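Here the structure is laid out as structure tokens; the discussion comes afterwards.
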Amino acid sequence: MDNCIFCKIAAGEIPSTTIYEDEEFRVFFDINPASKGHCLVIPKQHYDNVFEIDGEKAGRLFALATRVARNLKQELNCEGMNIVQNNGTIAGQTVFHFHLHLIPRYTGDQVRVEWHPGQADPEELAKLAEAVGRGL
Ligand code: AMP
Ligand code: ZN
């Protein structure tokens, strides 16, 4: 993808503060961190988002993310961590190259990941479970 900033970061054509890289993935600090240690895990290959990424690759990416999460926690002494992954403009995605946010959490930080809990209709849920589960 010629115009993709994360493809360029993946290839080392745009600088990043890289924590880790191998043939498949790069982990680097977010340039506008939500909290200390906020970093991103990306595949080097371009996929717009979760609707495109190869499932096996996503599995390996998440396995790597668990290791990064533990090292971040150890080093930063954060109390918790949000792992966030936005897909589509409506969901807050601004860079259209799949990425996982690792956001360490500290008491008194300014991070907010929130929604207003709704009411579920059990019949509707049952129908939806059947439909969505079909063919998985
Ligand atoms: P999202 O809104 O989920 O698409 O997240 C994109 C993230 O990429 C934001 O948190 C940005 O701060 C981050 N970002 C954009 N450009 C760069 C860059 N050159 N280096 C590091 N992080 C970046
Ligand atoms: Zn890309």
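Candidates in region 73-93 are the residues that are more than 16 Å from ligand 1 (Cβ to nearest atom) and either in contact (Cβ under 8 Å) with a residue 24 or more places away in the chain or within 13 Å of VAL41 (Cα to Cα) (or both); of these, the one that is least open to solvent (accessible area, probe 1.4 Å) is CYS78.
You will find that of GLU23, GLU52, the residue that is touching a residue at least 40 places away in the same chain (Cβ under 8 Å), of a type outside the set (Lys, Arg), away from ligand 1 (no atom under 13 Å from the Cβ) and open to solvent by 50 Å² or more (accessible area, probe 1.4 Å) is GLU52 and no other. Summed over region 5-20, residues that are closer than 20 Å to LEU76 by Cβ and open to solvent by less than 50 Å² (accessible area, probe 1.4 Å) total 1.
Limited to region 97-126, what total is found for residues that are open to solvent by 80 Å² or more (accessible area, probe 1.4 Å) and modelled with pLDDT of 95 or more?
Filtering region 97-126 for residues open to solvent by 80 Å² or more (accessible area, probe 1.4 Å) gives 107, 110, 112, 114-117, 119, 122-125.
Checking which are modelled with pLDDT of 95 or more leaves us with 107, 110, 112, 115-117, 119, 122-125.
The number of residues fulfilling the criteria is 11.
For region 94-135, filtered to residues that are in contact with a Ser or Thr (Cβ under 7 Å, 6 or more places away or on another chain) and of a type outside the set (Val, Ile, Thr), the residue that is farthest from ligand 1 (Cβ to nearest atom) is TYR106. Of the numbered criteria (1) away from ligand 1 (no atom under 12 Å from the Cβ); (2) within 19 Å of LEU72 (Cα to Cα), the one LYS44 fails is (2). For region 17-59, how many residues meet the condition of being within 30 Å of THR107 (Cα to Cα) and within 13 Å of ligand 2 (Cβ to nearest atom)? Residues meeting the conditions: 3.
Which of the strands (runs of 3 or more DSSP E) contained wholly in region 4-63 include at least 3 residues that are more than 14 Å from the chain's Cα centre (by Cα)?
18-21
If the Cβ limit is 6 Å and pairs must be 6+ apart or interchain, which residue in region 94-114 that is over 18 Å from GLU79 (Cα atoms) and outside any loop (DSSP other than H, G, I, E, B) pairs with which residue that is open to solvent by less than 80 Å² (accessible area, probe 1.4 Å) and near ligand 1 (Cβ under 9 Å from one of its atoms)? Cβ pairs passing all conditions: LEU100/GLN85.
The values are calculated or read from the model by the stated rules, or taken from the named source; none is laboratory data. None of these values were measured; they are calculated from a predicted model. All Cβ positions, glycine included, derive from the backbone under ideal geometry; neighbour counts span all protein chains shown. Just so you know, the surface numbers come from the protein's heavy atoms only, side chains and all, with ligands and any DNA or RNA stripped out. Shrake-Rupley method; radii C 1.70, N 1.55, O 1.52, S 1.80 Å.
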